[in-house]
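Each remark here refers to the structure printed beneath this line.
The values are calculated or read from the model by the stated rules, or taken from the named source; none is laboratory data. Just so it is clear, the structure is predicted and the values come from calculations on it, not from any experiment. Counting neighbours? That spans all protein chains shown, and the Cβs are built from the backbone with ideal geometry, glycine included. Just so you know, the surface numbers come from the protein's heavy atoms only, side chains and all, with ligands and any DNA or RNA stripped out. Shrake-Rupley method; radii C 1.70, N 1.55, O 1.52, S 1.80 Å.
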Amino acid sequence: SKSLSDEENLKLFGKCNNPNGHGHNYKVIVTVRGEIDPVSGMVINLTDLKAYMQEAIMEPLDHKNLDKDVPYFAEVVSTTENVAVFIWENLKKLLPMGTLYKVKVYETDQNIVIYKGEETI
């Protein structure tokens, strides 16, 4: 985080605080919801969903240094939580309104973030 000192970053982020960066092989699961089309039997055509995921996730993020190559992360800390928000916002622009339900991002098998957009209580 640019707003923290080197010591504060080390304390907060531990081994993930590397001045030269470090990589992850994120796994992303997207859940959609809606009415099932009686003809196709699908909420959304999976070929279309794959194309949306390619555009919203793979093109901007795959094999990239998030902090250096993705403009969104120039001012936002590239935590898994913020990666999930980035993916949600990109997919929401592409998918039919109301069909995006959940974005699940695995940083590791034990570090998983689930994001369902902004919810008001």
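Brief remarks follow.
Condition check ((1) in contact with a Cys (Cβ under 8 Å, 6 or more places away or on another chain); (2) under 17 Å from Thr108 (Cα atoms); (3) hydroxyl-bearing (Ser, Thr, Tyr); (4) modelled with pLDDT of 95 or more) across all residues:
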residue	(1), (2), (3), (4)
Ser5	no, no, yes, no
Phe13	no, yes, no, no
Asn17	no, yes, no, no
Asn25	no, yes, no, no
Asn45	no, no, no, yes
Gln54	no, no, no, yes
Lys64	no, no, no, no
Asp67	no, no, no, no
Val83	no, yes, no, yes
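- Residue in the range 71-87 that is of a type outside the set (Asp, Glu) and open to solvent by 60 Å² or more (accessible area, probe 1.4 Å) present: yes
- The conditions of being surrounded by 11 or more Cβ atoms within 10 Å (Cβ to Cβ) and at positive phi are met by Gly117.
- Looking only at the range 77-102, and only at residues there that are hydrophobic (A, V, I, L, M, F, W, C) and in contact (Cβ under 8 Å) with a residue 60 or more places away in the chain, the one that is nearest to Asp62 (Cα to Cα): Leu91
- In summary, helices (runs of 4 or more DSSP H) completely within the range 22-121 and bearing 1 or more residues that are among the hydroxyl-bearing types (Ser, Thr, Tyr) occur at 46-53, 80-94.
- The single condition among (1) closer than 17 Å to Ile29 by Cβ; (2) of a type outside the set (Asp, Glu); (3) out of contact with any helix residue (DSSP H, G or I) (no Cβ under 6 Å at 6 or more places or on another chain) that Tyr52 does not satisfy is (3).
- Residues that are among the polar types (S, T, N, Q) and touching a strand residue (DSSP E or B) at 6+ places or on another chain (Cβ under 8 Å) within the range 81-113 comprise just one, Thr99.
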